[in-house]
Amino acid sequence: MSNVATKVSWSGREREEAEGETTPLLNGTGAAAASASKPRQLTPSSSASRLGHLSDVYLDEDSELEMDAPCSLPHEIPHSEKLLSLKYESLDYDNCENQLFLEEERRNHTAFRTVEIRRWVICALIGIFTGLVACFIDILVERLAGLKYKVVKGNIDKFTETGGLSFSLLLWAALNAAVVMVGSTIVAFVEPVAAGSGIPQIKCYLNGVKIPHVVRLKTLVVKVCGVILSVVGGLAVGKEGPMIHSGAVIAAGISQGRSTSLKRDFKIFEYFRRDTEKRDFVSAGAAAGVSAAFGAPVGGVLFSLEEGASFWNQFLTWRIFFASMISTFTLNSILSIYHGNPWDLSSPGLINFGRFDTEKMGYTIQEIPIFIFMGVVGGILGATFNALNYWLTMFRIRYIHRPCLQVLEAMLVGAVTAAVGFVMIYSSQDCQPLQGNRVTYPLQLFCADGEYNSMATAFFNTPEKSVVSLFHDPPGTYNPMTLGMFTLVYFFLACWTYGLTVSAGVFIPSLLIGAAWGRLFGISLSYITSGWIWADPGKYALMGAAAQLGGIVRMTLSLTVIMMEATGNVTYGFPIMLVLMTAKIVGDYFVEGLYDMHIQLQSVPFLHWEAPVTSHSLTAREVMSTPVTCLRQVEKVGTVVDILSSSSSNHNGFPVVESVSNGSQSLGLRGLILRSQLIVLLKHKVFVERTSLSLVHRRLKLKDFRDAYPRFPPIQSIHVSQDERECMMDLTEFMNPSPYTVPQEASLPRVFKLFRALGLRHLVVVDNHNQVVGLVTRKDLARYRLGKEGLEELSLAQT
Amino acid sequence: MGPATVLLLPGVLLGLCFGDSLFPSRHFVFQSGQEGRALGGWRLPLSLELLEEAEDLSLLGSESLRDLLELEPECRELLAAFTNSSVKLTGCLVRSARPVRLCQNCYRQFREINDQLENITRAVGNTSESSKCAKSLLMSDRLQIVVILSKFFNDTWEKANCANCLKNNSEGLSNSTVMFLALFNASLTCFEHNLQEQEGSLVNNYTQVCKNCSVTYKNLNALYKRMQESKQQHDAEEQSHLCIDVEDAMNITRRLWSRTFNCSVPFSDTVSVAAVSSFILFLPVIFYLSSFLHSKQKKRILILPKRIQSTTSLVNIQEKCH
């Protein structure tokens, strides 16, 4: 007993106090407490006898993580992709059907009728706010980028006449670096989770992994500001990917009816303060984000379905579609007002690929093999992109992990992007006559008066505008040399940029690379066949863009629909589908998709659809963690506090077993209780003694648990006095009385299927006598992965 | 003349017969007219001229036939006026095609043709007489040549963006255009003047022109840019052009200036640009090298899971321990 007490170390207690604890208790629970200290790590004797070679593991009653392993020293390894981080936890998707829940259901069954209506209202709000955020980003980027390019253009024009263009170069690079510095600083120092496109993070969230801070208001603010600054800073990035993350954060915030960051509770939507409900709204938010970004409502729903949601039902589809439509509509109406023709609702999403005229740009049967070939090229280039980015990201994780270094790196990339662009424009000989103001920022440089530098339309512009001009500029606007150089340079720039500590997406850069080589391909096709095939460069640019994007992110269904909707052309559906399919097949042969790769590099315990195929020989007994820290139905407060505050066992779910032992093997499983529930119980001091003395004025309701969600206070913040430590807690009322269990012999795929389909967090492994043998959690399942040499096992690591 | 009359005869005769007939119902006459036209159709087009020739036959019933085929006199007048002005406008447009002087030369004619068209259409709803004109001139056949022509003129005008260099109700050139054209002429005169001087010297470079005319040229360029900017501010549309006259004049001048005379020689400081850019490009190399050498590599602390050590497992757990 004293042994246990001294082992425990948590902030509020001193060692001397712990010694005083050894005095026998007066309230008659001493005997129970004394016995309770022992069997925390339950090991059924039956299983122990069967697995004789394991017995040494169970001998130590305080067996902690480090103790029960043959290699005792915690050793360090460099970061690699074969790790699972302890930082990530699961979300609780399993509904806890405890007595409180049943009571609430019985008491106000009328309230459940309005729940469905409230869901629709929330979806509408998600759509509206996502659309507004998209407008805000769009307008601000346009304004700021316009300002920047105007200043630089004025400077270049001035120095072209008088000499001293190197100053213009310096100005451009300095402006870029300065803007990127601000954008990168807020990401690196304020909210690192806002870095990147956010799609991997949302994918993990919807898979059931709790990424810290991912759906906070602070993240949204940093994300929005960060993306504006990085696009204005001239990096090779787009603002579409972050829209998806923003939509998800908005959804998570609205559906809760409060903001924990701002400490405001609007007292609405309290019913939805659970992980399960929040997950559904987050997928709606992601869809609304896509729909605002590309003007593709159906594409948004399919994106949520394909990339995001690991859990789906039919009712959700229609609701998510509603949110997507509202989001596009909001964006359209606000942008139409901004552009001075109010109530014209035809202005589509953030990126408008423009209309492709079907009659002028139809396709014939001969072109199908060519498109497929483009798909192959896209797959290979995409795989190259991912492989290069993999090495770079690995290097970044290992060496560039300090925030100031990250900011410095982003600044350097900004400056180099400007420098490379300037050199390309400077050395380009491709001059094209000015026609009206089709070109937003025409740079003359060394061209004759009345002409502009064609390379400058590609580099001296925001990437979105460059994509559109590659799609739609009439044939002959770019010469092949320009396109080739641009593709090459932009490929490396985009690859270098993705993974920086700035919030930015990879969609637009990929489209831009693809559009450039696609256009080049189209031009050279009609050149090689000497006009036999009239290949419209714009059409081939579109196919190239699809192929490149498909090769990098490996999306199929949703990307096809997004491209179709963004170009407003259903006719191209078939060729785009073929191109994306080929690109995915070819790309998957080499490396996996960019998002999956980044999820792996972040050591996230991500559960794929299926268990690895060769894993049937593994049983639950080999997969599970054991021994398990169990609680009794009526447990001593001190014990609970000690378990919760023990640094080594930061478990989240505790099986609850019978409290009275009659015989040696009767401690059967009775339920499961979560750490969060225990903390709420401790906070409200729901102790048996207090209840019997009628110190507790009211019974605890489900609302108390919801109010604490999602940020439950840490155990250190709860003060439990010495007297209280000797009280007892009755967990029967609060635990989940029917946790899912599997027998020890269940195979890994079976366990996996159950776990994955139900979105579980804990799966208790029991023996024939319903005694707890082990516990399967997400990390136990996610560590098996099919590698090059068969089944691999990932290690757990502290990151 | 002979065979033509013969050809005409059946129709006329038909009309004559029906005119004479006991039941001169409108219905029948109409049918006969149809037939006559159809009959004429497969031989030769039954032209109005021929009908006019046939007029002097002064046969009974020719009146009603001509009424049917002929335009009303007012309408004919309107058509003639439209013909006139379209001839004038077409001539003007083609004459001022190169160098483009469309807007300055033809705006009067364009206004005229618009007036004519308005004369025809305006009356639609006014009196029955003139509405008949609009109907017969504008929408009584498939081709609708008047509509095609006026549409063509309007489209051309719009494409040339002439409204941009005219005053509001196109009664004359706008102030900025007049100013621009004056400057344009001044710079052309300057070029000419200097080239003539140069011819004597027999040196085939244009330094003289470049030196002497640069002020005028720059003024012209600046004015053009100002006009462009004000145009852009005026309407925020994507495609906004100045009027074609101004654009073309500027293009000609610019081409002369920078291509023929080779006057705009930009300062290229390749050396300094190369130096600065290679400096910037070199920075990341230093950055990555130094962070590779000096930054402490981030290590992950392995956590060993609580797990049954199974010997039968095909997964090699021991691997983690060394």
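Read-outs: derived from the displayed coordinates by stated rules, not from any lab. The structure presented is a predicted model; accordingly, all values stated were derived computationally and were not measured. Ideal geometry is used to build each Cβ from the backbone, glycine not excepted, and the neighbour counts take in all protein chains shown.
Quick one: which residues, 5+ away or cross-chain, put their amide H under 5 Å from the amide H of A:Arg632? H built at 1.01 Å from N.
A:Val657
Per residue of the range A:201-214, in order, report the coupling 6.51 cos²θ - 1.76 cosθ + 1.60 (Karplus, θ = phi - 60°) as ³J(HN,Hα) in whole Hz, putting x for Gly and Pro.
Per-residue couplings from phi come out as 5, 5, 4, 5, 4, 6, 6, x, 9, 8, 7, x, 6, 6 Hz.
Based on the Cα gyration tensor of the range A:418-577, what are the three equivalent ellipsoid semi-axes, each the root of five times an eigenvalue, rounded to whole Å and given largest first?
That gives 25, 21, 14 Å for the three semi-axes.
Listed here are the pairs A:Lys153/B:Lys167; A:Lys584/B:Lys298; A:Lys153/B:Lys211; A:Lys203/A:Lys683; A:Lys148/B:Lys225; A:Lys153/B:Lys218; which of them are more than 23 Å apart at the Cα?
As for pairs spanning more than 23 Å Cα to Cα, those are A:Lys153/B:Lys167; A:Lys584/B:Lys298; A:Lys153/B:Lys211; A:Lys203/A:Lys683.
For A:His79, what is the net charge nearby, where nearby means another residue's Cβ is under 11 Å from its Cβ and Lys, Arg count +1, Asp, Glu -1?
Counting the neighbours of A:His79, the net charge comes to +4.
Long-range amide H contacts for A:Tyr452: which residues qualify at under 5 Å (H placed 1.01 Å from N, peptide plane, sequence gap of 5 or more or a different chain)?
A:Gln432, A:Leu434
Per DSSP H run of at least 4 residues, take -39500 (n - 2.57); add these up for chain A, divide by its residues and hand me the 222 nm value, nearest 500 deg cm²/dmol.
Rounded to the nearest 500, it is -17000 deg cm²/dmol.
Within 10 Å, count the other beta carbons around each residue, average over each peptide in A:537-547, A:591-601, B:273-283, and list them highest first.
Put in order of decreasing packing, that is A:537-547, A:591-601, B:273-283.
Across the range A:561-574, in residue order, what do the Karplus-derived ³J(HN,Hα) couplings come to in whole Hz, using 6.51 cos²θ - 1.76 cosθ + 1.60 with θ = phi - 60° and x for Gly and Pro?
For the range A:561-574, the Karplus-derived couplings read 5, 4, 4, 5, 6, 5, 9, x, 9, 7, 4, 7, x, 5 Hz, x marking Gly and Pro.
Please list, in order along the range A:263-274, the HN-Hα scalar couplings obtained from phi with the Karplus expression 6.51 cos²θ - 1.76 cosθ + 1.60 (θ = phi - 60°), rounded to whole Hz, x for Gly and Pro.
6, 10, 10, 8, 6, 10, 6, 5, 4, 8, 7, 9
What fraction of the DSSP beta bridges in chain A is antiparallel, stated in percent and rounded to the nearest 5?
About 80 percent, rounded to the nearest 5.
Please give the Cα centre distance for the range A:393-457 versus the range A:710-782, rounded to the nearest Å.
Distance between centres, Cα-based: 55 Å.
For the range B:73-160, which semi-axes, largest first and in whole Å, follow from the square roots of 5 times the eigenvalues of its Cα gyration tensor?
27, 12, 11
Based on alpha-carbon centroids, what's the gap between the range A:161-239 and the range B:88-120 in Å, whole number please?
Taking the Cα centre of each part, the range A:161-239 and the range B:88-120 sit 56 Å apart.
Take the alpha carbon gyration tensor of the range A:544-648, find the square roots of its eigenvalues, order them as a ≥ b ≥ c, and report rounded if a/c is under 1.5; if not, report prolate when a/b exceeds b/c, else oblate.
prolate
Fewest first, what order do A:Ser530, B:Ser140, A:Ser304, A:Ser466 take by the number of other Cβ atoms within 10 Å?
A:Ser530, B:Ser140, A:Ser466, A:Ser304
In which sequence would B:Ile244, A:Ile117, A:Ile372, A:Ile513 go, from the one with the fewest C-beta neighbours within 10 Å to the one with the most?
So the ranking, lowest neighbour count to highest, is A:Ile117, A:Ile372, B:Ile244, A:Ile513.
How many nm separate the modelled label positions at A:Cys404 and A:Asn341, each set 7 Å beyond the Cα in the direction of the Cβ?
Placing both labels 7 Å along Cα→Cβ, they lie 5.3 nm apart.
Which order results if A:Glu793, B:Glu70 are arranged by neighbouring Cβ count within 10 Å, fewest first?
Least to most surrounded, the residues fall as B:Glu70, A:Glu793.
Points 7 angstrom from Cα along the Cβ direction at A:Leu700 and A:Arg264: gap in nanometres?
Result: 3.1 nm between the two label points.
Could you tell me the relative contact order of the range A:367-601? Use alpha-carbon pairs under 8 Å, at least six residues apart, and round to a whole percent.
Relative contact order comes out at 30 percent.
Count charges around B:Val265 for me, please; just the other residues with Cβ under 14 Å from its Cβ, Lys/Arg as +1, Asp/Glu as -1.
Net charge in that neighbourhood comes out at -1.
Averaged across the residues of A:710-723, what count of C-beta atoms belonging to other chains lies within 10 Å of each residue's C-beta?
So the per-residue partner count for this stretch is 0.
Under 14 Å from the Cβ of A:Phe321, count the other residues' Cβ atoms, weight Lys and Arg +1, Asp and Glu -1, and hand me the total.
Charge balance near A:Phe321 sits at 0.
Can you tell me, using C-alpha contacts under 8 Å and at least 6 residues apart, the relative contact order of chain A as a whole percent?
18 percent.
In nm², what is the average projected area of the convex hull enclosing the Cα atoms of the range A:111-338?
13.6 nm²
Shielding of B:245-257 by partners, i.e. mean partner chain Cβ atoms within 10 Å per residue?
2
Checking a compactness column here: for chain A, what do you get for Rg(Cα) / (2.2 N^0.38 Å), N being the number of residues?
Against the empirical 2.2 N^0.38 Å value, I get 1.07 for chain A.
Roughly how many nanometres apart are two label points built 7 Å out from the Cα toward the Cβ at A:Glu610 and A:Met394?
Here the answer is 2.8 nm between the modelled labels.
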